[in-house]
Amino acid sequence: METIAIIGATGRTGRRVLDRALAAGYTVRVLARTPSAITATSDRLTVVTGDVLDASAVNQVVAGTDAVLSLFGQVKGSSPTLQADGTRVIVAAMRAYGVRRIVTLSGGGLPAVGKDEPKLPDRVIRLLLTTLAGRVLSDAKAHLEVLKASGLDWTVVRGPRLTEAPGAGSFRVGWVGVNASTSISRDDLADFILTQVHDRSFVHQMPFVSA
């Protein structure tokens, strides 16, 4: 079974992805500013102390892996360019160690031009995001540009409103306004993210995953 790196494994979605990766038999390397925040235990789990802007720590996590799941995002007090800057560090490490597959996480406010067909409610939500969370959306767009220029096999997984409800064990994969709903449980989103380690259907694309 392959080795994967997870960056953002202490987040509410990242924790679920980590649990599923270990249950599926993967060897997992994670990056954590506070290692004690990683509650999962396994002899196939390695925790590296550091943050995503620490190139040395990121190199340790990425080295020897087959894929990177980058699930971190802005939190209170973080840099307004954290996702783009962190993605640059990850991409540099991947190039150094010959790792090609990267899956990142974003929201439906990040547009997939030519794919999305936003309806009125979708347009309203995007307007609200631009107004209330413009910094986060700008950072998401900038991280996408980093991926596009990377030469790597990237996929950006986008989701709508994330809930803590138990997973339904299923999900829809479409585009904003196309075969999509307005929410998804973090459990089901985590299930989809893990499928992308092997699935190449969405390389260089930004699928929208919903309930």
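Solvent-accessible surface of protein heavy atoms, probed at 1.4 angstrom with all chains present, puts Asp19, Asp116 in the order Asp19, Asp116, largest first.
Of the residues Ile184, Ile90, Ile38, the one that moves most in a GNM of the chain with alpha-carbon contacts below 10 Å is Ile38. For the chain, take the longest principal axis of its alpha carbons; what is the angle in degrees between that and the long axis of helix 120-132, to the nearest 10 within 0 to 90? Between the helix axis and the principal axis of the chain, the angle is about 60 degrees.
Taking Lys115, Lys76, Lys148 as the candidate residues, the one with maximal mean-square fluctuation in a Gaussian network model of the chain, Cα springs under 10 Å, is Lys76.
Show the residues, 5+ positions off or on another chain, whose built amide H is closer than 5 Å to the amide H of Arg29. Under 5 Å from the amide H of Arg29: Ile4, Ala5, Ile6, Thr46. Normalised by the number of residues in region 66-154, the average gap of Cα pairs under 8 Å and 6 or more apart makes the relative contact order 44 percent. Amide H contacts of Arg172: Ser210, Ala211, each under 5 Å away and 5 or more positions distant or on a separate chain (H built 1.01 Å from N in the peptide plane; Pro and chain starts excluded). Distant-in-sequence amide contacts of Val178, defined by a placed amide H-H separation under 5 Å and a gap of 5 or more residues or a different chain, comprise Glu117. A straight line joining the Cα centroids of region 69-132 and region 3-53 runs 20 Å.
For region 138-150, putting each phi into the Karplus relation 6.51 cos²θ - 1.76 cosθ + 1.60 with θ = phi - 60° gives couplings of 5, 5, 4, 5, 5, 5, 5, 5, 4, 5, 4, 8, 7 Hz, in residue order, rounded to whole numbers and with x for Gly and Pro.
Give me D for the chain in µm² s⁻¹, whole number, from Stokes-Einstein with Rh from the Kirkwood sum over alpha-carbon pairs, 20 °C and 1.002 mPa s.
Details: Rh = 17.1 Å.
The calculation lands on 125 µm²/s.
Taking all protein chains as shown and a probe of 1.4 angstrom, Thr182 keeps an accessible surface of around 90 Å². Under the classification rounded if a/c is under 1.5, otherwise prolate if a/b is larger than b/c and oblate if not, where does region 1-57 fall, given a ≥ b ≥ c as square roots of the Cα gyration tensor eigenvalues? Here region 1-57 falls in the prolate category. In terms of its alpha-carbon gyration tensor, region 141-211 comes out prolate; a/c meets the 1.5 threshold, and the first ratio a/b outweighs b/c. I'd like the carbon and sulfur percentage of the solvent accessible area for the chain, probe radius 1.4 Å, heavy atoms only, ligands and nucleic acids excluded. Looking at the chain in its full context, I get 54 percent from C and S. Rounded to the nearest Hz, the phi-derived 3J(HN,Hα) couplings of region 177-182 under the Karplus curve 6.51 cos²θ - 1.76 cosθ + 1.60 (θ = phi - 60°) are x, 10, 6, 9, 10, 9, where x marks glycine and proline.
Taking the solvent-accessible surface of protein heavy atoms with a 1.4 Å probe, what is the per residue accessible area of region 56-211 in Å²?
Details: 7030 Å² over 156 residues.
About 45 Å² of surface per residue is accessible.
Taking all protein chains as they are arranged and a probe of 1.4 Å, the heavy atoms of Val146 leave approximately 20 Å² accessible to solvent. Karplus-based coupling profile of region 193-202, in residue order and whole Hz: 4, 5, 4, 6, 4, 9, 6, 10, 5, 10, with θ = phi - 60° in 6.51 cos²θ - 1.76 cosθ + 1.60 and x standing for Gly or Pro.
The accessible-area ordering, largest first, of the residues Leu162, Leu53, Leu189 stands as Leu53, Leu162, Leu189, per a 1.4 angstrom probe.
Output the Kirkwood hydrodynamic radius of region 95-206, Cα pairs only, in Å rounded to one decimal. Display every interim value, and only then the final one.
Numbers: mean 1/r = 0.0671 Å⁻¹.
This gives a value of 14.9 Å.
With contacts taken as Cα pairs under 8 Å at a separation of at least 6 residues, the chain carries a relative contact order of 20 percent. Heavy-atom accessible area, probed at 1.4 angstrom with all protein chains present, ranks Phe202, Phe171, Phe208 as Phe171, Phe202, Phe208, highest first.
The values are calculated or read from the model by the stated rules, or taken from the named source; none is laboratory data. Predicted, not measured: the structure shown is a model, and the values here were computed from it. The accessibility values were calculated without ligands, DNA or RNA, using every heavy atom of the protein model including side chains. Shrake-Rupley method; radii C 1.70, N 1.55, O 1.52, S 1.80 Å.
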